[in-house]
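Readers should treat all values here as calculations from the given coordinates under stated rules, not as data from a laboratory. Treat the numbers as computed from the prediction; the structure is a model and nothing was measured. A quick note on method: Cβ atoms are made from the backbone with ideal geometry, for glycine too, and the neighbour counts reach across all protein chains shown.
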């Protein structure tokens, strides 16, 4: 089965000592693409440095909701300038986090709006983080409202993105109704190891219903290690564990020709969502 890790923070401190070894291990495990998203100015620059060292990686630049109140005007100017780089395929990660609230909610909304505006301006999809406190859905509801207010799902955004998704819900968390709402807006959904945690049971139903051209998998490394994954930290090679879980939720038995189609679908969905301007997709040698 072909594999893509659509969200992996390889520039995080936990990879500082051996990131090249980790990348090589992922490639040896059959991972064909890794998207490395930024969460502030420093990490966005670091993502591009990794792409320079490993050209089969892709980068995204943006500001995470945790950093919404911390990024200076100069840092945002730097991120906006980086967004035009052809090595950058997306804007983010950005979004809303009403669970930990490391930045005030008002600042999170202001940050989300400027990241969404940058996505529209560049024609590069937004990578969206969204978390509510346990048992709540207010962050998901607020995100859908912000997307609609920014024109996502409408003709103006469609004119920019064409047949491509204008945004991606990364590390999906939420209800089936939330999933359907973002799918109706044309977004892609990515499943991570978060799906294995208590309180995230709805993701099993979501994994079964998402159309193949709007479905991706990810590790969110070094976080969210799935059962059976590396104990010290999550790594991109472990994306196979989540992919197999999604395969099971979709009723594809081991050895079924559907497994091949699923892997092909992951690659096609990635290519459809994130297109490098300076080269076509290619399987690493």
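Got the relative contact order for the stretch 146-276 handy, in percent, Cα pairs under 8 Å and 6 or more residues apart?
21 percent
Quick one: compute the contact order of the stretch 3-273, relative version, from alpha carbon pairs under 8 angstrom and 6+ residues apart, as a percent.
Computed value for the stretch 3-273: 18 percent relative contact order.
With 10 angstrom as the radius, rank 219, 225, 188, 122 by how many other C-beta atoms surround their C-beta, starting from the fewest.
The order, fewest Cβ neighbours first, is 122, 225, 188, 219.
For the stretch 84-160 and the stretch 11-62, compute the distance between their C-alpha centroids and round to whole Å.
22 Å
How far apart, in nm, are two points set 7 Å out from the Cα along the Cα-to-Cβ line at residue 213 and at residue 257?
Taking the two extended label points, one gets 2.1 nm.
With label points built 7 Å along Cα→Cβ from the Cα atoms of residue 105 and residue 272, find their separation and express it in nm.
The modelled label-to-label distance comes out at 3.5 nm.
Given the Cα-Cα distance of residue 264 and residue 49 and 0.36 nm per residue of separation, how much length would full extension add, in nm?
Gain on extension, residue 264 to residue 49, equals 74.5 nm.
Over the stretch 1-110, what lengths in whole Å, largest first, do the semi-axes of the equivalent ellipsoid take, defined as the square roots of 5 times the eigenvalues of the alpha-carbon gyration tensor?
Gyration-tensor ellipsoid for the stretch 1-110: 26, 15, 12 Å.
Could you point to the label whose value was computed as Rg and Dmax of the Cα atoms in Å for the structure here, given (i) 21.1, 74; (ii) 17.6, 66; (iii) 17.2, 53?
From the options (i) 21.1, 74; (ii) 17.6, 66; (iii) 17.2, 53, the structure gives (iii).
With each run of n ≥ 4 DSSP H residues scored as -39500 (n - 2.57), what mean residue ellipticity at 222 nm is computed for the chain after dividing by its residue count and rounding to the nearest 500 deg cm²/dmol?
Mean residue ellipticity at 222 nm (helix-derived): -12500 deg cm²/dmol.
Can you sort 39, 245 so the residue with the fewest Cβ neighbours within 10 Å comes first?
245, 39
What shape does the stretch 1-42 have by the C-alpha gyration tensor, where a ≥ b ≥ c are the square roots of the eigenvalues, rounded means a/c under 1.5, and otherwise prolate means a/b greater than b/c and oblate the rest?
oblate
I need the peptides 170-180, 147-157 ranked by packing, meaning the mean over residues of other C-beta atoms within 10 angstrom, with the highest value on top.
Highest to lowest by the protection proxy: 170-180, 147-157.
Figure the gain on full extension for residue 145 and residue 20 (residue separation times 0.36 nm, minus the Cα-Cα span) and round it to one decimal in nm.
41.0 nm is the gain from fully extending residue 145 to residue 20.
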